[in-house]
Amino acid sequence: MDYRNKEGIGMTSMRTRRRLIERLESRGIRNQRVLDVMMNTPRHLFVDETIRHKAYEDTALPIGFNQTISQPFIVALMTEMLLDTDAPVNKVLEIGTGCGYQTAVLSQLVKWVFTVERVRGLQDEAKNRLADLRYRNISYMNADGFLGWESNQPFDGIIVTAAPEENPPHLMEQLSVGGRLVVPVGTEEQHLKVIARSAGGYTEERHEPVRFVPMLQGRE
Ligand code: SAH
């Protein structure tokens, strides 16, 4: 499918997109680069045609395989947290490609995105979609994200879009010194965490409560 010819909602889409960006600002997103990139990323092309009219509402939506595309506010917040550092953020690892929306946002803000998805069917769809939309600075792997991406470590930033029960040790090890990991941690009750690596070890901040699908072991 050629996604570039699917911009059929035209003006409506741009207007609703702008309204979404205003909502993100009013909820506290301050990073203008993140807001600009989300304004320019066609979220409606990442979801099924039947729910496309909801693509610019600030809600999570189903993407098949029992998974969801994250709520735009959470995508913006996690991206802002990832970039909130004086150190350069060039190489980013994303765990949980899903439909590829967060991947597309990241690819416009950093030099290279490495993205890992455990469900092959989701990965294939995301890869085709992102290639059609001409996002090129992305490497894909179908694997268990708990293990990170050993051969390409260390990463300046790591973002996880499914929730592990505990801090994921291999991902922490694959951070560069000065790097940061943004991850929702917990089971019934989850919180966003930012885990930063310094020469002396790790520091951790706990942020807002969130609701992500669980991070699962193995791949399919
Ligand atoms: N960022 C995605 C979020 C999708 S939901 C989006 O906005 O579309 C979470 C995703 O994490 C799902 O696709 C799920 O299959 C994937 N996932 C869960 N556990 C994983 C693991 N251990 N390794 C890699 N991906 C995982």
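Which ones in region 76-95 are surrounded by fewer than 24 Cβ atoms within 10 Å (Cβ to Cβ) and under 19 Å from LEU192 (Cβ atoms)? I'd like the intermediate steps shown before the answer.
Filtering region 76-95 down to residues surrounded by fewer than 24 Cβ atoms within 10 Å (Cβ to Cβ) leaves 77, 80-81, 83-91.
Once the filter is applied, which keeps residues that are surrounded by fewer than 24 Cβ atoms within 10 Å (Cβ to Cβ) and under 19 Å from LEU192 (Cβ atoms), region 76-95 yields LEU77, GLU80, MET81, LEU83, ASP84, THR85, VAL89.
For region 52-72, how many residues are in a helix (DSSP H, G or I) and either at pLDDT below 95 or surrounded by fewer than 19 Cβ atoms within 10 Å (Cβ to Cβ) (or both)? Give the derivation first.
Filtering region 52-72 down to residues in a helix (DSSP H, G or I) leaves 52-54, 72.
Retained after the next criterion (residues that are either at pLDDT below 95 or surrounded by fewer than 19 Cβ atoms within 10 Å (Cβ to Cβ) (or both)): 52-54.
Selection size over region 52-72: 3.
Pick from region 37-77 the residues that are over 16 Å from the mean Cα position of the chain (by Cα) and of a type in the set (Asp, Glu): which of them is farthest from ILE159 (Cα to Cα)?
Once the filter is applied, the top-ranked residue is GLU49.
Taking ASP132, is it surrounded by fewer than 18 Cβ atoms within 10 Å (Cβ to Cβ), under 19 Å from THR41 (Cβ atoms) and touching a residue at least 24 places away in the same chain (Cβ under 8 Å)? Outline the logic, then answer.
On the way: surrounded by fewer than 18 Cβ atoms within 10 Å (Cβ to Cβ): yes; under 19 Å from THR41 (Cβ atoms): yes; touching a residue at least 24 places away in the same chain (Cβ under 8 Å): yes.
For ASP132, the condition - surrounded by fewer than 18 Cβ atoms within 10 Å (Cβ to Cβ), under 19 Å from THR41 (Cβ atoms) and touching a residue at least 24 places away in the same chain (Cβ under 8 Å) - is met.
To keep it simple, each residue is scored yes or no on (1) touching a helix residue (DSSP H, G or I) at 6+ places or on another chain (Cβ under 7 Å); (2) farther than 24 Å from PRO209 by Cβ.
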site: MET78; (1), (2): no, no
site: LEU82; (1), (2): no, no
site: ASP86; (1), (2): no, yes
site: LYS91; (1), (2): no, yes
site: GLY100; (1), (2): yes, yes
site: ALA104; (1), (2): yes, yes
site: SER107; (1), (2): no, yes
site: LYS111; (1), (2): no, yes
site: PHE114; (1), (2): yes, yes
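Scan VAL194, VAL182, VAL105, VAL116 and give me the residue that is touching a residue at least 40 places away in the same chain (Cβ under 8 Å), within 16 Å of the ligand (Cβ to nearest atom) and outside any helix (DSSP H, G or I). So that I can check it myself, show each step before the final result.
Numbers: VAL194 fails: within 16 Å of the ligand (Cβ to nearest atom); VAL105 fails: outside any helix (DSSP H, G or I); VAL116 fails: touching a residue at least 40 places away in the same chain (Cβ under 8 Å).
Going through VAL194, VAL182, VAL105, VAL116 in turn, the sole match is VAL182.
Show the residue pairs meeting these rules: Cβ distance below 8 Å; 6+ apart or different chains; first residue within region 141-156 and under 21 Å from SER198 (Cα atoms); second residue near the ligand (Cβ under 10 Å from one of its atoms) and part of a strand (DSSP E or B).
GLY148/ILE95; GLY148/VAL116; TRP149/VAL116; TRP149/MET141
So which pairs qualify, if the first residue must be in region 28-39 and assigned to a helix (DSSP H, G or I), the second must be charged (D, E, K, R), the Cβ gap must be under 8 Å, and the two must be at least 6 apart or on different chains?
If the second residue must be charged (D, E, K, R), the pairs left are VAL34/GLU80; LEU35/GLU25; MET39/ARG17; MET39/ARG18.
Would a scan of region 167-181 turn up a residue that is in contact with a Leu (Cβ under 8 Å, 6 or more places away or on another chain), charged (D, E, K, R) and closer than 16 Å to ASP86 by Cα?
Yes, region 167-181 has at least one match.
In region 79-102, what residues are on the phi < 0 side of the Ramachandran plot and within 9 Å of the ligand (Cβ to nearest atom)?
So the first thing to find is which residues in region 79-102 are on the phi < 0 side of the Ramachandran plot, and the list is 79-95, 97, 99, 101-102.
Hits for region 79-102 are GLU94, ILE95, THR97, CYS99, TYR101, GLN102.
The values are calculated or read from the model by the stated rules, or taken from the named source; none is laboratory data. No experiment lies behind these values; they were computed from the predicted model shown. A quick note on method: Cβ atoms are made from the backbone with ideal geometry, for glycine too, and the neighbour counts reach across all protein chains shown.
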